[in-house]
Every structure is written in C-alpha cells, then in structure tokens.
Amino acid sequence: MSIVRWEPLAEMVGLRREMDRLFGDSFVNPYQTMGTMGEHMAIPLDVYQTADEVVVKACLPGVKPEDVDISISGDTLTIKGETSVEEEIKEEDYFCQEQKYGTFRRSVVLPTNLKTSDAEAAFDNGILVLTIPRAEEEKPKTIKIKAKETKKIEKAK
C-alpha cells in the first residue's frame with residue numbers, strides 16, 4: 001500500500017465544477033427545464049435589426065394565431081399565449097412526453113426609436129414573424145445666430 005498525499009484544493013476544484021454543472025443545468029439553461037402542463041414555458045426568439053426595421057421571430061409550433069397575444073409597452077415586447085392538449089391521454093399510457101402544453105410568455109427589451117404603431121405580425125408554419133419599422137431619426141438641427149446691428153454712438157467732443 002502506498003501513501004497518497006491529500007490535496008484539499010484539488011477536491012475543492014472538483015466540488016466547484018460539480019456545483020457549476022448543477023446550477024448551469026438547473027437555472028441557466030431554461031429551455032432544458034421548461035415546464036409541463038400548467039407551468040409557464042419560455043419560447044425561443046430570434047431578434048435582429050436591419051437599417052429599416054427590427055424583426056422578431058418566435059418559434060410556436062402547434063399554436064394557433066388566435067391563441068397568441070402580442071403587446072408592446074414602452075420598449076418591452078411581450079408574447080404570450082397558451083397551448084392545449086387536443087386529445088386526452090392518461091399519463092400512465094405515455095412512453096415519452098416531450099411536447100410542452102400550457103401557458104407561455106416571453107418578454108424582450110427592444111431598441112428605442114421604433115414605430116410600434118406600425119408593427120406587423122405574420123404567422124407561417126408555426127413561426128411568428130413580427131416586423132417593427134424604425135422611426136425616422138431626427139436630423140441634427142442647425143440654428144443660425146442672427147446678430148443685431150448695434151448703433152455706434154459717437155461721443156461729443
């Protein structure tokens with residue numbers, strides 16, 4: 001039997017790595033732990049901008065357009081809705097259940113200077129595409145200074 005030197009720092013690093021993995025799997029990546037029936041689910045979004053508009057794409061498979069509510073308050077966009085099970089199957093009859101049912105909600109902060117009143121939404125093959133045009137940026141205003149003519153006062157000698 002050989003003697004092995006105990007290194008407490010090495011054990012602490014291993015513990016730290018396992019704790020990071022635990023918290024990363026549980027809290028950091030919500031899409032792996034989305035809720036099932038009755039719990040809130042997050043929806044994946046793509047948000048990008050062009051020179052003329054901001055585009056938001058949301059993946060909503062199996063959701064009907066009338067079951068989705070889109071609102072913009074200030075600079076925050078909120079997409080929410082609900083999906084439901086079309087047929088009733090007993091829980092014990094499932095081999096695997098990965099599709100999520102219930103309410104979903106997602107909010108994202110948008111850039112400023114948008115014409116939210118002109119926003120348009122389209123729904124095609126389970127993808128919601130929201131297009132929000134940019135507002136015309138105000139051009140810098142130049143103000144010319146008008147100098148008043150001053151009268152010269154001659155002093156009497």
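The values are calculated or read from the model by the stated rules, or taken from the named source; none is laboratory data. Only a predicted model underlies this, so the values are computations on that prediction, with no experimental measurement involved. Here Cβ is always computed from backbone atoms with ideal geometry, including for glycine, and neighbour counts include all displayed protein chains.
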Hits in the stretch 30-64 - residues which are at pLDDT 70 or above and of a type in the set (Asp, Glu): Asp46, Asp52, Glu53
Inside the stretch 62-118, the number of residues satisfying the requirement of being assigned to a helix (DSSP H, G or I), in the same structural domain as Ala51 (by TED's automatic domain parsing) and more than 16 Å from Val47 (Cα to Cα) is 5
Only one of Ile79, Ile132, Ile89, Ile127 that is surrounded by fewer than 16 Cβ atoms within 10 Å (Cβ to Cβ) and at pLDDT 90 or above: Ile127
Residues in the stretch 56-75: is at least one free of Cβ contacts under 8 Å to residues at least 24 places away in the same chain, in contact with a Ser or Thr (Cβ under 9 Å, 6 or more places away or on another chain), surrounded by 10 or more Cβ atoms within 10 Å (Cβ to Cβ) and closer than 30 Å to Glu136 by Cα? yes
